[in-house]
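Below: the structure, in structure tokens.
The values are calculated or read from the model by the stated rules, or taken from the named source; none is laboratory data. Bear in mind that the values here come from a model prediction, so they are computed numbers and not experimental data. Cβ atoms come from the backbone with ideal geometry, glycine included; neighbour counts cover every protein chain shown. Ligands, DNA and RNA are stripped out before the accessible areas are found, and what is left, the full protein with its side chains, is counted by its heavy atoms. Shrake-Rupley method; radii C 1.70, N 1.55, O 1.52, S 1.80 Å.
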Amino acid sequence: SATPTLQNYNDSRTYGIEYVDSLINAENDTEKISYLRSLDPESIIQSLESPLSGGFVKPEWKPVMDQYIFENFPFSVFQTGDYNNVPVIIGSNADEMSLPAPQTVLPFMVDILINLYVPEALRPLAHELYPSGTTGVEARYAYVQLLTDAQFTSTTRRAARCLSQNQTAPVYRYFFTHTHSGFLGDYGSYHGMELFYAFNTWENSSWAVGPLYTVQD
């Protein structure tokens, strides 16, 4: 999903310790480890927020730059050209954040989003590219597209360009735009939707019923 990322080892270690301490109050690590191993996996993660909550990608757990398996951040490695040179396919969907974004978005919320996360010099262009509109439907569309492009479209394109400039094997980038029929069509090409088609499992999904499943699918 989007660009490959790693977490700094020390930050990850601190977060892991704090998270364990929130689950058990114990004197030593041996007790903590024993307790964790006794838990059902679901109970360990049940208190975590969705990694796509509100339309913002915030994964709680990431691969860690441990100086053993991962010795550097992905883009730094890409730029050296010193990595496994193989054909790559990387891509994203047109409406990645349509499901997790707030269901109700008002025009002023788009303006706030731009003012919070877009550098001042680029805000006029952002307002032009993602107009907040005058209705909730228009505002939500702009909100979704801004979050989608910032977190998926642009980062995926950047990764593809970086790879293609530093390897001889081909690099392919896809942009998935297909939509379902029925009510799901309102969400466009949402995050994860392409997996049904990449792995040919849509017809086996509990969603593939009635008007949602067509010959085109």
Quiz prompt | Largest-first principal axis extents of the Cα set of the chain (Å) | solution = 57, 45, 43
Quiz item: Say we join alpha carbon atoms closer than 10 Å with springs in a Gaussian network model of the chain; which of 159, 126, 198 then has the biggest fluctuation?
Solution: 198
Quiz item: Quick one: accessible area per residue over segment 1-63, 1.4 Å probe, rounded to a whole number of Å²?
Solution: 71
Quiz item: What list of ³J(HN,Hα) values in whole Hz, one per residue of segment 158-163 in order, does the Karplus curve 6.51 cos²θ - 1.76 cosθ + 1.60 (θ = phi - 60°) give from phi, with Gly and Pro shown as x?
Solution: 5, 5, 4, 5, 4, 5
Exercise. Could you work out the relative contact order of segment 80-217, using alpha carbon pairs under 8 angstrom and six or more residues apart, expressed as a whole percent?
Key: 37
Exercise. In nm, give the distance between the simple-model label positions of residue 212 and residue 195, each being 7 Å from the Cα along the Cα-to-Cβ direction.
Key: 1.5
Quiz item: Equivalent-ellipsoid semi-axes (√(5λ), Cα gyration tensor) for segment 129-217, whole Å, largest first?
Solution: 27, 23, 8
Practice problem: Identify the chymotrypsin sites (Phe, Trp or Tyr not before Pro) of segment 50-84 meeting these criteria: DSSP loop state and at most 16 other C-beta atoms within 10 Å of the C-beta. | Solution: 56, 61, 68, 70, 83
Quiz prompt | Translational D in µm²/s for segment 131-171 (Stokes-Einstein at 4 °C, 1.567 mPa s, Kirkwood Rh from C-alpha pairs) | solution = 109
Practice problem: For segment 83-142, take the alpha-carbon Rg, divide it by the Kirkwood Rh, and send me Rg/Rh. | Solution: 1.16
Exercise. Per residue of segment 64-75, in order, report the coupling 6.51 cos²θ - 1.76 cosθ + 1.60 (Karplus, θ = phi - 60°) as ³J(HN,Hα) in whole Hz, putting x for Gly and Pro.
Key: 10, 6, 9, 6, 10, 7, 10, 9, 7, 6, x, 5
Exercise. Whole number in Å², please: accessible area per residue of segment 140-217, 1.4 Å probe, ligands, DNA and RNA not counted.
Key: 56
Practice problem: From the P(r) of segment 1-123, can you give the percent of Cα pairs sitting at distances over 24 Å? | Solution: 54
Practice problem: Place a +1 charge on the Cβ of each Lys and Arg in the chain and a -1 charge on the Cβ of each Asp and Glu, then give the dipole magnitude about the Cα centre in debye, rounded to the nearest 20. | Solution: 600
Self-check item: Protein accessible area in the chain, 1.4 Å probe - carbon and sulfur %
Solution: 55
Exercise. Please express the Cα-Cα pair-distance distribution P(r) of segment 18-69 as a list of whole percents, one per 5 Å bin, running from 0 to the bin with the greatest distance.
Key: 4, 15, 20, 18, 20, 16, 6, 1
Quiz item: Hey, with R₀ at 22 Å, roughly what FRET efficiency would residue 69 and residue 45 work out to, going by the Cβ-Cβ distance, to 0.05?
Solution: 0.45
Quiz item: If you stretched the chain out fully between residue 17 and residue 84, how much longer would it get, using 0.36 nm times the residue separation minus the C-alpha to C-alpha distance?
Solution: 20.8 nm
